[in-house]
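Here's the structure, in structure tokens; my notes come after.
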Amino acid sequence: MSRLQLLAIALSVAGVAVSIYLTALHYAGFAPACPVSGPINCEAVLASPYGVIAGTSVPTSAAGIAWFALSAALWARPFGWIQLAWSAVGLLTVVYLVYVEIVRLGAICLWCTAAHVLVLAIVLIAATMWSARDTVRE
């Protein structure tokens, strides 16, 4: 297993931790440690209709737990297209969620941003490894 794969696993585990924190707070009814006024306002983001999976009371962060956990499992396997595809799914989701935060809600959640940065780092690792894989084949 390469160092980049180990890093992707570590980033995935960190994402699970952030997502568990947000999910636990949701079910406990507590607001996360984050500013609550101005453009950085975790409470406004997490308490919005977008803070839960549409049509349910399940927090979006629960989907984050699943995504990061599956990501860790995939990165423990030999690298291939599946890690690249799963990373792309994560990136598309992050792009949508950032759009929601900025355009729809006018507020950013720092904890959500931490999870988004972790996804972006995993995407960059996947793209780097995919590029290196193609270079080795030539």
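The values are calculated or read from the model by the stated rules, or taken from the named source; none is laboratory data. Since the structure is predicted, the reported quantities are computational estimates derived from the model, not experimental observations. Note: ideal-geometry Cβ built from the backbone for every residue, glycine included; neighbour counts use all protein chains shown. Heavy atoms of the whole protein, side chains included, go into the accessibility calculation; ligands, DNA and RNA do not. Shrake-Rupley method; radii C 1.70, N 1.55, O 1.52, S 1.80 Å.
Overview of values
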item: Kirkwood hydrodynamic radius (C-alpha pairs) into Stokes-Einstein, the chain, 25 °C and 0.890 mPa s, D in µm²/s; result: 158 µm²/s
item: Among 40, 107, 61 the positive-end extreme of the charge dipole of the chain (Cβ point charges); result: 61
item: Probe 1.4 Å, accessible area per residue of the chain, Å²; result: 56 Å²
item: Degrees separating the helix 3-28 axis from the principal Cα axis of the chain, which is the longest one; result: 20 degrees
item: Sparse-neighbour loop sites [chymotrypsin sites (Phe, Trp or Tyr not before Pro); region 1-67; at most 10 other C-beta within 10 Å; DSSP]; result: 30
item: Kirkwood-based shape ratio for region 1-62, expressed as Rg/Rh from alpha carbons; result: 1.10
item: Cα coordinate range in region 41-112, projected on the principal axes (Å, largest first); result: 40, 23, 21
item: Helix 81-99 axis, angle to the chain major axis (alpha carbon atoms, nearest 10°); result: 30 degrees
item: Rounded FRET efficiency, nearest 0.05, which uses the C-beta distance separating residue 110 from residue 76 and R0 of 35 Å; result: 0.75
item: About the Cα centre, charge dipole magnitude for region 43-138 (Lys/Arg +1, Asp/Glu -1 at Cβ), debye; result: 180 debye
item: Principal-axis tilt of helix 110-137 within the chain, Cα atoms, nearest 10 degrees; result: 10 degrees
item: Carbon/sulfur fraction of accessible area - the chain, other protein chains in place, 1.4 Å, %; result: 73 percent
item: Rel. contact order, % - alpha carbon contacts under 8 angstrom, at least six apart, the chain; result: 36 percent
item: Residue 10 versus residue 47: modelled label distance in nm, points set 7 Å from Cα along the beta carbon direction; result: 3.7 nm
item: Region 33-91, relative contact order [Cα under 8 Å, separation at least 6], %; result: 15 percent
